[in-house]
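Here is the structure we will look at, set down as structure tokens.
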Amino acid sequence: MERRRPPQTEEGWYVLHDFRSIDWDAWRNAPERRRSQAIEEGIDYLASSEAVDDAAEGESATFAVLGHKADLLVLHLRPTLADIDTLERRFEHTALAEFTERADSYLSVTEVSGYMSEDYFDEDAEVEDTGLARYIESRLTPEIPDSEFLSFYPMDKRRGPEDNWYDLPFDERAEHLSSHGDIGREYAGRVTQIISGSVGLDDFEWGVTLFADDPTDVKELLYEMRFDPSSSRFAEFGRFLSARRFPPEHLGAFLAG
Amino acid sequence: MERRRPPQTEEGWYVLHDFRSIDWDAWRNAPERRRSQAIEEGIDYLASSEAVDDAAEGESATFAVLGHKADLLVLHLRPTLADIDTLERRFEHTALAEFTERADSYLSVTEVSGYMSEDYFDEDAEVEDTGLARYIESRLTPEIPDSEFLSFYPMDKRRGPEDNWYDLPFDERAEHLSSHGDIGREYAGRVTQIISGSVGLDDFEWGVTLFADDPTDVKELLYEMRFDPSSSRFAEFGRFLSARRFPPEHLGAFLAG
Amino acid sequence: MERRRPPQTEEGWYVLHDFRSIDWDAWRNAPERRRSQAIEEGIDYLASSEAVDDAAEGESATFAVLGHKADLLVLHLRPTLADIDTLERRFEHTALAEFTERADSYLSVTEVSGYMSEDYFDEDAEVEDTGLARYIESRLTPEIPDSEFLSFYPMDKRRGPEDNWYDLPFDERAEHLSSHGDIGREYAGRVTQIISGSVGLDDFEWGVTLFADDPTDVKELLYEMRFDPSSSRFAEFGRFLSARRFPPEHLGAFLAG
Amino acid sequence: MERRRPPQTEEGWYVLHDFRSIDWDAWRNAPERRRSQAIEEGIDYLASSEAVDDAAEGESATFAVLGHKADLLVLHLRPTLADIDTLERRFEHTALAEFTERADSYLSVTEVSGYMSEDYFDEDAEVEDTGLARYIESRLTPEIPDSEFLSFYPMDKRRGPEDNWYDLPFDERAEHLSSHGDIGREYAGRVTQIISGSVGLDDFEWGVTLFADDPTDVKELLYEMRFDPSSSRFAEFGRFLSARRFPPEHLGAFLAG
Amino acid sequence: MERRRPPQTEEGWYVLHDFRSIDWDAWRNAPERRRSQAIEEGIDYLASSEAVDDAAEGESATFAVLGHKADLLVLHLRPTLADIDTLERRFEHTALAEFTERADSYLSVTEVSGYMSEDYFDEDAEVEDTGLARYIESRLTPEIPDSEFLSFYPMDKRRGPEDNWYDLPFDERAEHLSSHGDIGREYAGRVTQIISGSVGLDDFEWGVTLFADDPTDVKELLYEMRFDPSSSRFAEFGRFLSARRFPPEHLGAFLAG
């Protein structure tokens, strides 16, 4: 068995999915003054994080998480890991943090790979002003869309004795991903995705974050993809978390039920 | 290996299985006044949730859970995820919530698929007044039956190298599910089911909720199904939770032991 | 692949294995008065549960659990799930419950299957007074033996691509289980078993509870069975818990170390 | 597939690996008087357990555990499970227990099997005074060696569709274990082992406890064994815990850092 | 199947990855005096650990961990397990420990194996002053590089029925690892690694610690390696933890957010 050719990759912003649970007992029992301060400092943290929204500085957004796995998701994209580290610890020093516990997290970095955009990697200089260059840029320094619904899950490519993604020839992998991408394109305008790599950063190889106004569009897209060989034979999925976006200034309403 | 044809699906109500544990120590030690308030606000939450019972607005029901995994299950079906989100957080603001902790949950959405009802998807307009249309409606906006016993479990279809559901031709899958459905029909009147999809919403692909007056009818049905290839070769089951329904106004008796 | 014929089953009593951990810190620090009350109410709960010992009403027994998984096991068999539900919650209202936390549990129901006793299922009326009928009765409404040692574990039958129990022809399964039963019979008088089904009730398909005065008899029996194909090829085991029986009136001594 | 012949086994002492974590926060904050009492009662418990050191009564030893899994390991070997049960609960009534939590445990019983010593099982009476009899005795009622380092792990033999230990003919298994034993013998004087069976007692089939003055001797032994088919094809390992022995009277120094 | 020849190994320093979570609630609420003391004693512990930096005594370094798995990583390399044991428990007696909980850990020992350096093992005496000897020394008593980013993960070599590392002939394994090493060498100057063995010491067979200034260099290296058969067919990875180095004297700034 020979060593297979890896795709080239280029990385953009680091991504932290920071999931937190609210300590509702503490919240209910806290005096009004401390609750007001928590809301104020929480809005300040979230709003100032989200205010950093141009391509040089990153993006942030806030979500309410459905179910028992967490209550709050703060999603951060930033150019350096130091930025992410700072944001993560700065949260702990808000009065809001007193009412939260860390429930989960995922660390990754936006990436494009040479499967889909070999031209980009081959002839870097000449594509700079083309649509491809703009596409690459939109993948590496993505905008978080305004959609209401978010679905996040980490995933690996399978390395089983029969179905081993990493033992497929490059062209076969590229073909699989091209076919996979075709499905995604049918959902353009309905579902937006941020694909980030996490080999060496977190427990799985990729994080996938999908955005849509209608959650059933995400369900339909992923269900259709599951019948595509790149998923049916080669994908191993981790946990799935579902969340709904809210603007920082609605934090008080979120906490009030 | 080619990409297989996915079934069409249509989705109805979002479903939250909200499992909670009672903090019995806190309950025993609470003053009578706080316990009365918890019961009152709990009944109010549960009864008003259950009062929303027509097909436009959703359904809710309350159950006592057997064993150590949880004590209370509140089952909500609602037209939008926003409704579910609101119900979930509204619970936290009742005095009852102080005596509970979130033990588990499952998020899904009722679905019908084109395997069983291709006509529906093919000739939408013409089936509107037929039995099929009524059947579809009963699956998408189901009534929670009055049965005493509930069994809930999430499940996936297997994607192994030998037994890969997502690599079967459409017709073979449809045949499997038709045969599977035949078993279910033998239990008509004894066991009622709500099948909800959760691809992209929660950790498994489906949630299955079975209702019966006699728990051994559920056991017999699932055991018979386990010998059917769609289960024996293709099903991967998650945890199973068993519960008994009680009317909201019995909450005080439930908490009194 | 065809649908295989399931065995007929008949169910008897519901079974709850209720495992609890003692909060030894709270126990050591509690005033004598509260400890006395806990012992008194605990004995009352356990003794009255065990007093229900005829075939119409069920059986209960109390055990000290070895190792860190739990400290106390209360084993209940009752005709209805409502009885089990009541017993489970009644415990929480004893003063003893304040010193315990739920560590684990298992819900199942005693069963006999048509593999071993096809006659019973085929010619119900005529076997009523025979030894077979008495045997069936002893399986469905078993007495908890007086043995000192108990071993409990849940198990599944394997559904792998090569070794798939649910894809074996009925006769092959019956032959496997007959051969398996032969081993058990060699241990008659030394090891007693209660087999209960839990499809749809709890996470595995069966619970197995073995009783013996000498724990090495259980070890020898299970080790011998492991070489029998019905275990070596087809069994998937869950956790194992070991416990020693004690009479309710020894609860004080148990808690005193 | 036929039923394979199990080896005969003989059992000796029951073995409890009792792993505990120190609550360092509580320890740091406790008044000197309570700490002195904890040390005194702890030493008393450990020293009196270890004092029971002849072949009729059992063995005990105390260890500091490396890493986050636990802090303290008390290893007990005793003739009856009642002895083990008593020791386990007696610990909870020392003042030391207030500063510990149960982190893990393993229950097993020393065993010899007919693979290695068929003569013993075949001609019991005649081997009584031979070296074999003394060897058997040393396995069933072992002395805990004075070595500084201990490594503990539980293990199963694999029952996969290709590599199924329990489906090998007796002679093949005996040959595997003989070859495996040859490796062990090369480490005589450097690594000592206690093999105990736990089928029906705890989650795995065996517990392995290795003792050495130099931890790299254990590493080298296990690494060499991993290339032997009885490990490379047939072993499934659980968690590994590493610990260093200390005499009970050093408990104060252990707790002082 | 025959027993395969294991490589010779030589071990150097014991390695403890000591991961801790900060109890931010306690930290925020602590009086200034206790926080100052915690910072002072923490710096003292970390700085004095790191001060031990020559090849006879070991190495230590301090890191901020990204995500919810931990907050702080103290990495210790020392000549004896007793040194590691002492350092681990000494931490618990600093005022900083009051604000931390143990989140994870990994115990291993630096190693070189005969795959890559057979000459070293064959002709020990003659290589003493060569580059090989210096290379071996740098692996057994490594310096922790000054890089900003650290990635840690434990791993096993697979023992599956098709892909079984431990059943490969020695030369095939050596060839795999030589090819694997070639990839690593391409990253010289960008990524530094410490490989430590943990057979018999902790749950996996090896710990891998990678250091780089740019985290995407680690990601690129590991992604490229994943296409190499020694990873794609034979590696089983555990959890991945990401961290950023900081000098002990920045502990106050780290805790201040």
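Every number in this text was worked out from the coordinates using simple rules, so none of it is lab data. Only a predicted model underlies this, so the values are computations on that prediction, with no experimental measurement involved. Glycine gets a Cβ as well: all are built from the backbone with ideal geometry, and neighbour counts include every protein chain shown.
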Original post:
Fewest first, what order do E:Tyr135, C:Tyr14 take by the number of other Cβ atoms within 10 Å?
Top reply: E:Tyr135, C:Tyr14
**OP:** Return the calculated 222 nm mean residue ellipticity for chain D, to the nearest 500 deg cm²/dmol, obtained by summing -39500 (n - 2.57) across DSSP H runs with n ≥ 4 and dividing by the residue count.
**Re:** -10500 deg cm²/dmol
Original post:
Where is the GNM fluctuation largest for chain C (alpha-carbon springs, 10 angstrom cutoff): C:Ser108, C:Ser242, C:Ser178?
Top reply: C:Ser178
**OP:** For E:Lys157, go through the aspartates and glutamates and keep the ones whose alpha-carbon is under 12 Å away, minus same-chain ones fewer than eight residues off.
**Re:** E:Asp167, E:Glu205, E:Glu236
Subject >> Cα centroid separation, the range E:138-162 to the range B:132-158 (Å) >> reply: 50 Å
**OP:** Pop the C-beta distance of D:Asp213 and E:Ala56 into the FRET formula with R0 = 22 Å and round what comes out to the nearest 0.05.
**Re:** 0.55
Original post:
When the Cα centres of the range C:69-107 and the range B:46-119 are compared, how far apart do they sit, in Å?
Top reply: 26 Å
Subject >> Of the chymotrypsin sites (Phe, Trp or Tyr not before Pro) in the range A:16-59, those whose Cβ has at most 10 other Cβ within 10 Å and which sit in DSSP loop >> reply: none
Subject >> Cα-projected label distance for C:Ala188 with C:Ser138, points at 7 Å along beta-carbon direction, nm >> reply: 0.8 nm
Original post:
Any idea what angle helix B:170-186 forms with the longest principal axis of chain B, computed on alpha-carbon atoms, 0 to 90 degrees, nearest 10?
Top reply: 50 degrees
**OP:** Report the label-to-label distance for A:Glu162 and C:Ser178 in nanometres (one decimal), using points 7 Å from each Cα along the Cα→Cβ vector.
**Re:** 3.4 nm
**OP:** Measure nothing fancy, just the Cα-based angle from helix B:131-140's long axis to the longest principal axis of chain B, in degrees from 0 to 90, nearest 10.
**Re:** 50 degrees
**OP:** Any chance you could give the angle, 0 to 90 degrees and rounded to 10, that helix B:81-91 forms with the longest Cα principal axis of chain B?
**Re:** 20 degrees
**OP:** Partner chain Cβ atoms within 10 Å, averaged over the residues of C:221-234 - can you pull that number for me?
**Re:** 6
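If you count, for every residue in A:4-12, the Cβ atoms of partner chains within 10 Å of its Cβ, what is the mean? List each step's numbers first, then the result.
Values: counts 6, 2, 8, 3, 2, 5, 2, 5, 1.
Mean inter-chain Cβ contacts per residue within 10 Å come to 4.
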Subject >> Spacing of the two label points (7 Å from each Cα toward its C-beta) at E:Asp146 and C:His250, in nm >> reply: 6.9 nm
**OP:** State whether the range A:9-255 is rounded, prolate or oblate according to the following rule on the C-alpha gyration tensor (a ≥ b ≥ c being the square roots of its eigenvalues): a/c under 1.5 gives rounded; otherwise a/b larger than b/c gives prolate, and the remaining case gives oblate.
**Re:** prolate
Subject >> Cα shape, the protein assembly as shown, gyration tensor, a/c 1.5 rule >> reply: rounded
**OP:** Please average, across the residues of B:237-249, the number of beta carbons from any other chain that are within 10 Å of each residue's own beta carbon, and give a whole number.
**Re:** 3
